[in-house]
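Enquirer: My questions will all concern the structure given below.
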Amino acid sequence: MSLGGRIGNTLRGAAIGIAEAVPGISGGTIALVTGVYERLISSAGHMVSAVRAGVVDVPRRRGWARVGHELRQVHWGLLIPLAVGVVPALLISARVVEPLLQEYPQQARGLFLGLVLASLMVPISMVARPWRGGEVLAVGVSAVAAFILTGMPHTTIEPRPVIVFLAAAIAVCALVLPGVSGSFLLLTVGLYEPTITAVNDRDFGYLAVFGAGMVFGLALFIKVLQWLLEHRRRITLAIMTGVMAGSLRSLWPWQSDDRTLQAPGDGIMPITGLFVVGIAVVAGMFVLEQRSVRRAAELLTEESYERPSVR
């Protein structure tokens, strides 16, 4: 991969890391907009298979070949730059985003609402026309479910290790599912602030339990999602579209502490301006990504014409 490609993937990773620190925005949504989502899920699925083969098959002296095969299917040129971007961006945004959300919640949600609304164009465009009746129904049902979920009031629970482990296992599923925010789920169960505090304070005990839960949840969920994208791609993308649409409820700028939606009030002009900026940012990212894909296809075609045929 070229240096430009690696830098681009690092920037994509940084965008995903920032999104994961914001309640209401999914890192999966950013991965979808930037065109790396399906390769990311596929790579994660092969890594899970490699670990499983290492645990189950290697002791029986027949697993090393399978481990090597699975690891060769991973898009390392994508994963490594993404990780380089995700980790520092997540650490920095954990410090920056939290005070912004506390001091300017309406303005922040206005910006994020525009970002996620514009992101709907990505899964919609990935479902080839014409849409079928079952896919339209899937959009409606998943949108209603996400709307109800994001309307649940906050709760407060004791951050015991078992609770932290289970919450992390669920939140990581949201991380890889566009439209569902892992940070928002943590906020719903009252673990968002303890987790952000643990990141900022480098509470490695808490983070170790949280990380173990993430690994457990990812191992259970990622293979299912990989299979769905490979064998039920259209209906899976339709459900993702509905989930993203329904989750917009959590980003409505005017809502009470118990998440009751309210009519627009003070500050409507600057919030509307930020909403438009959010739409413009995603639209720009989408256009740039489409141009990049077309350019890569053109270069591949040119190389195929220039390569001498072997007789």
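The values are calculated or read from the model by the stated rules, or taken from the named source; none is laboratory data. In this text, all values refer to a predicted model and were calculated from it rather than measured experimentally. Cβ atoms come from the backbone with ideal geometry, glycine included; neighbour counts cover every protein chain shown. What goes into the accessible areas is simple: the full protein's heavy atoms, side chains included, and nothing from ligands, DNA or RNA. Shrake-Rupley method; radii C 1.70, N 1.55, O 1.52, S 1.80 Å.
Enquirer: If you scan the range 226-245, which residues turn out to be under 23 Å from LEU186 (Cα atoms) and either open to solvent by 60 Å² or more (accessible area, probe 1.4 Å) or modelled with pLDDT of 85 or more (or both)? Steps first, answer last, please.
Expert: Initial filter on the range 226-245 (under 23 Å from LEU186 (Cα atoms)): 239-245.
If the condition is that a residue be under 23 Å from LEU186 (Cα atoms) and either open to solvent by 60 Å² or more (accessible area, probe 1.4 Å) or modelled with pLDDT of 85 or more (or both), then ILE239, THR241, GLY242, ALA245 are the ones that fit.
Enquirer: Same structure, new question: For the range 9-42: of the residues being polar (S, T, N, Q) and surrounded by 21 or more Cβ atoms within 10 Å (Cβ to Cβ), which is modelled with the lowest pLDDT?
Expert: Within the range 9-42, the subset polar (S, T, N, Q) is 9-10, 26, 29, 34, 42.
This time we only want the ones that are surrounded by 21 or more Cβ atoms within 10 Å (Cβ to Cβ), so: 9, 26, 29, 34.
Values: ASN9: 83, SER26: 69, THR29: 75, THR34: 78.
Only one residue fits best here, namely SER26.
Enquirer: Kindly check whether there is at least one residue in the range 116-124 that is over 30 Å from LEU261 (Cβ atoms) and open to solvent by 70 Å² or more (accessible area, probe 1.4 Å).
Expert: Within the range 116-124, the first condition is being over 30 Å from LEU261 (Cβ atoms), and the residues that meet it are none.
No, every residue in the range 116-124 fails to be over 30 Å from LEU261 (Cβ atoms) and open to solvent by 70 Å² or more (accessible area, probe 1.4 Å).
Enquirer: While we're looking at this one, here's another question. If you check THR188, THR156, which single one turns out to be among the polar types (S, T, N, Q), open to solvent by 30 Å² or more (accessible area, probe 1.4 Å) and modelled with pLDDT under 80?
Expert: On the way: THR188 fails: open to solvent by 30 Å² or more (accessible area, probe 1.4 Å).
The unique qualifying residue is THR156.
Enquirer: The conditions are (1) buried (at least 20 other Cβ atoms within 10 Å of the Cβ); (2) over 29 Å from ALA21 (Cα atoms); (3) of a type in the set (Gly, Ala, Ser); (4) in contact (Cβ under 8 Å) with a residue 60 or more places away in the chain, and ALA94 fails exactly one of them. Which is it?
Expert: Evaluating ALA94 over (1) buried (at least 20 other Cβ atoms within 10 Å of the Cβ); (2) over 29 Å from ALA21 (Cα atoms); (3) of a type in the set (Gly, Ala, Ser); (4) in contact (Cβ under 8 Å) with a residue 60 or more places away in the chain leaves (2) as the failure.
Enquirer: Specify the residue that is surrounded by the most Cβ atoms within 10 Å (Cβ to Cβ); the eligible residues are those in the range 202-217 that are of a type in the set (A, V, I, L, M) and more than 22 Å from THR29 (Cβ to Cβ). So that I can check it myself, show each step before the final result.
Expert: The first filter runs over the range 202-217 and keeps only residues of a type in the set (A, V, I, L, M), leaving 207-209, 212, 214-215.
Imposing the further condition that a residue be more than 22 Å from THR29 (Cβ to Cβ) reduces the set to 207-209, 212, 215.
Details: LEU207: 16, ALA208: 13, VAL209: 21, ALA212: 15, VAL215: 14.
The qualifying residue surrounded by the most Cβ atoms within 10 Å (Cβ to Cβ) is VAL209.
Enquirer: Would you mind telling me which numbered condition in (1) closer than 21 Å to ILE148 by Cβ; (2) at pLDDT below 85; (3) surrounded by fewer than 21 Cβ atoms within 10 Å (Cβ to Cβ) LEU220 fails?
Expert: Checking LEU220 against (1) closer than 21 Å to ILE148 by Cβ; (2) at pLDDT below 85; (3) surrounded by fewer than 21 Cβ atoms within 10 Å (Cβ to Cβ), the one that fails is (1).
Enquirer: Give me the residue from the range 249-272 that is more than 13 Å from ARG109 (Cβ to Cβ) and touching a residue at least 60 places away in the same chain (Cβ under 8 Å) and, out of that set, least open to solvent (accessible area, probe 1.4 Å).
Expert: ASP258
Enquirer: Assuming ASP266 fulfils every condition listed in (1) part of a helix (DSSP H, G or I); (2) modelled with pLDDT under 85 apart from one, which condition is it?
Expert: Looking at each condition in turn, ASP266 falls short on (1).
Enquirer: Let me ask something else about it. When you scan the range 159-181, how many residues do you find that are modelled with pLDDT of 70 or more and in a helix (DSSP H, G or I)?
Expert: Residues meeting the conditions: 13.
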